[in-house]
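Visitor: Once you've had a glance at the structure underneath, I'll fire off some questions.
The values are calculated or read from the model by the stated rules, or taken from the named source; none is laboratory data. On a predicted model such as this, the values are computed, not experimentally measured, just so you know. Neighbour counts run over all protein chains shown; Cβ positions are idealised from the backbone, glycine included. These accessible areas exclude ligands, DNA and RNA; they are computed on the full protein's heavy atoms, side chains included. Shrake-Rupley method; radii C 1.70, N 1.55, O 1.52, S 1.80 Å.
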Amino acid sequence: MVNIRELSPALAKKARDELSENPKTMENDIDMLRSWIEKQPHLKSRTDDQFLVMFLRGCKYSVERAKQKIDMFYTVRTAIPEIFKGRSLNDPKQLEIIKSGILLHLPKPVAEDGPGICLIRPGFYDPNKYHMRDIIKATSLINEIAINESDNITVAGQIIILDLTNVSKSHLMQFDVMFIKKLTMIMQDGSPLRQKGTHYINTTHGFETLLNIFLSFVNEKTKKRILVHGKDMESLYKHVPKKLLPSEYGGEAGPIQDIIDYWENKVMSYRDYFLEEEEYGVNEKLRPGKPRNAEDLFGVDGTFRKLNID
C-alpha cells in the first residue's frame with residue numbers, strides 16, 4: 001500500500017495526463033526505486049513513499065531518470081556544504097533571514113491544477129551583514145518544506161517571481177561566476193521540480209550581466225521560460241493572476257508580513273526534519289566507477305571566470 005497524500009481530482013488528472021502517473025503501477029515503481037537506493041554503496045537517501053514519488057513525478061515516471069535525479073540531488077548537496085550543511089534552526093542568523101521575507105511560497109497556486117508560486121526578493125537583506133550564500137542556505141529550508149507539502153508543486157511545477165527592488169551593486173557583486181553555476185546546478189540538475197517559468201520584475205542596473213551569465217549555463221527549455229517584465233506589473237499579471245499576489249503587489253493574498261509569519265512558524269515545526277537531513281548525502285569514495293569531484297560538477301569556461309558589473 002502506497003503511503004502518499006491523495007491528490008485532488010484536478011491534480012490527479014494532470015498527473016495522469018502529463019506525468020503518466022498510474023496508481024496501479026505506482027507501488028511497483030516506488031519499490032524499484034527504493035531497492036536501487038538500498039544497493040548504492042555511496043548514497044544515503046530518504047526512501048519514504050512521498051519523497052520517492054516526488055522524483056518519479058519530476059521524471060514523468062521514468063524510473064531510470066528518477067535514479068539519476070536522486071543521485072544528482074544528493075551529489076550537488078554534498079558538493080555545496082556551504083549551503084546544505086549546518087542548517088540549524090538554533091542559528092539566529094538563519095531565523096533572522098527567514099523573518100526578512102526574502103523567499104516566500106505564496107498561499108495559493110496559479111490554478112487548482114496549476115503550479116505553485118515562489119516570490120523571491122533578494123534586495124531585502126543587508127549585503128554588508130550577510131552574503132547571498134547565507135540567504136540561500138536559510139531560504140532553502142522554506143523551499144524544502146514547500147516541496148514536501150505542496151502537491152501542486154510536485155505535479156504541476158513552480159513559477160518563480162524575482163523582485164529586484166532594492167538590489168544594489170553590493171548585492172550583485174556577491175554573485176561570482178562559480179556561485180551562479182552552483183545555483184544553476186541546484187535548480188536545474190539537483191532538483192526534482194519542473195520549473196514552469198521565472199519572471200523578473202523591478203529589474204536594476206547590472207542585472208543583465210548576471211542574467212546573461214546565468215543563461216549561459218541553463219538549457220534551452222529553461223531559457224524560453226524566463227521573462228523580464230521590468231516595472232510593468234500588468235505584464236506579470238498576464239502570467240500570474242493578480243489576485244494571488246500579496247497586497248503589496250496589488251493582490252488579494254494578504255500582507256507579506258502574514259505570509260512571513262506563516263513560514264517562520266512552519267520552519268520551526270520542521271526542526272527534527274532538518275536535523276535528520278544532515279545524515280543524507282553521497283560518499284564519493286564509495287561511488288562505483290569514477291567519483292564526481294567539484295571540477296566535474298562546477299567547472300566553468302574561463303571566459304566567464306571574471307564578473308564585471310559597471
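Visitor: Would you confirm whether any residue within the range 80-87 is at pLDDT below 95, in a loop (DSSP other than H, G, I, E, B) and surrounded by 20 or more Cβ atoms within 10 Å (Cβ to Cβ)? Let's see the steps before the verdict.
Guide: Filtering the range 80-87 for residues at pLDDT below 95 gives 80-87.
Checking which are in a loop (DSSP other than H, G, I, E, B) leaves us with 80, 85-87.
Subsequent filtering for residues that are surrounded by 20 or more Cβ atoms within 10 Å (Cβ to Cβ) retains 80.
Within the range 80-87, one or more residues are at pLDDT below 95, in a loop (DSSP other than H, G, I, E, B) and surrounded by 20 or more Cβ atoms within 10 Å (Cβ to Cβ).
Visitor: Among (1) open to solvent by 10 Å² or more (accessible area, probe 1.4 Å); (2) hydrophobic (A, V, I, L, M, F, W, C); (3) farther than 19 Å from VAL240 by Cα, which single condition is LEU141 missing?
Guide: It fails just one condition, (1).
Visitor: Considering each residue of the range 24-66, count those that are open to solvent by less than 80 Å² (accessible area, probe 1.4 Å) and touching a strand residue (DSSP E or B) at 6+ places or on another chain (Cβ under 8 Å), and give that number.
Guide: The qualifying residues number 3.
Visitor: Return the total of residues in the range 251-294 being in a loop (DSSP other than H, G, I, E, B), at positive phi and open to solvent by less than 40 Å² (accessible area, probe 1.4 Å). It would help to see each step written out before you state the result.
Guide: Initial filter on the range 251-294 (in a loop (DSSP other than H, G, I, E, B)): 251-255, 270, 278-280, 283, 287-293.
From the residues that got through so far, the ones that are at positive phi too are 254, 289.
From the residues that got through so far, the ones that are open to solvent by less than 40 Å² (accessible area, probe 1.4 Å) too are 254.
The number of residues fulfilling the criteria is 1.
Visitor: Taking only the range 215-249 into account, find how many residues are part of a helix (DSSP H, G or I) and farther than 21 Å from GLY101 by Cα.
Guide: Narrowing the range 215-249 to residues part of a helix (DSSP H, G or I): 215-217, 220-224, 233-237, 242-244, 247-249.
Filter again for farther than 21 Å from GLY101 by Cα, leaving 215-217, 220-224, 234-235, 237.
The total comes to 11.
Visitor: All but one of (1) open to solvent by less than 40 Å² (accessible area, probe 1.4 Å); (2) in contact with a Leu (Cβ under 7 Å, 6 or more places away or on another chain) hold for GLU21, so report the exception by its number.
Guide: (2)
Visitor: While we're on this one: Pick out the one residue from ASN212, ASN166 that is over 30 Å from SER45 (Cα atoms), outside any loop (DSSP other than H, G, I, E, B) and not assigned by the TED database to the domain that holds TYR61.
Guide: On the way: ASN166 fails: outside any loop (DSSP other than H, G, I, E, B).
Step by step, each of ASN212, ASN166 is checked, and only ASN212 is over 30 Å from SER45 (Cα atoms), outside any loop (DSSP other than H, G, I, E, B) and not assigned by the TED database to the domain that holds TYR61.
Visitor: Checking the conditions here, which among ASP126, ASP91 is closer than 30 Å to ASN293 by Cα, outside the structural domain of LEU33 (by the TED database), open to solvent by 40 Å² or more (accessible area, probe 1.4 Å) and acidic (Asp, Glu)?
Guide: One residue alone meets the criteria, ASP91.
Visitor: Check whether at least one residue in the range 173-180 is of a type outside the set (A, V, I, L, M), surrounded by fewer than 18 Cβ atoms within 10 Å (Cβ to Cβ) and not in a helix (DSSP H, G or I), and report yes or no.
Guide: yes
Visitor: Does MET132 meet the test of being in contact (Cβ under 8 Å) with a residue 60 or more places away in the chain and under 29 Å from SER88 (Cβ atoms)?
Guide: When the stated conditions are applied, MET132 does not pass them.
Visitor: Would it be correct to say that LYS181 is in contact (Cβ under 8 Å) with a residue 60 or more places away in the chain, closer than 24 Å to LYS231 by Cα and charged (D, E, K, R)? It would help to see each step written out before you state the result.
Guide: Details: in contact (Cβ under 8 Å) with a residue 60 or more places away in the chain: yes; closer than 24 Å to LYS231 by Cα: no; charged (D, E, K, R): yes.
Against the criterion (in contact (Cβ under 8 Å) with a residue 60 or more places away in the chain, closer than 24 Å to LYS231 by Cα and charged (D, E, K, R)), LYS181 does not qualify.
Visitor: Of the residues that make up the range 192-204, is at least one surrounded by fewer than 20 Cβ atoms within 10 Å (Cβ to Cβ), at pLDDT 85 or above and among the small types (Gly, Ala, Ser)?
Guide: Within the range 192-204 (the criterion being surrounded by fewer than 20 Cβ atoms within 10 Å (Cβ to Cβ), at pLDDT 85 or above and among the small types (Gly, Ala, Ser)), the answer is yes, since at least one residue qualifies.
Visitor: Of the conditions (1) within 20 Å of GLY123 (Cα to Cα); (2) surrounded by 20 or more Cβ atoms within 10 Å (Cβ to Cβ); (3) without any contact (Cβ under 8 Å) to a residue 60 or more places away in the chain, ILE161 fails just one. Which one is it?
Guide: (3)
Residue-by-condition table, conditions (1) within 27 Å of LEU11 (Cβ to Cβ); (2) under 18 Å from the mean Cα position of the chain (by Cα); (3) in the same structural domain as ALA15 (by the TED database):
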| residue | (1), (2), (3) |
| --- | --- |
| SER62 | yes, no, yes |
| ASP71 | no, yes, yes |
| HIS105 | yes, yes, no |
| PRO109 | yes, yes, no |
| LEU119 | yes, yes, no |
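Visitor: For the range 67-79, what are the residues that are open to solvent by 20 Å² or more (accessible area, probe 1.4 Å), of a type in the set (S, T, N, Q) and closer than 21 Å to GLU279 by Cβ?
Guide: Selection gives THR78 alone.
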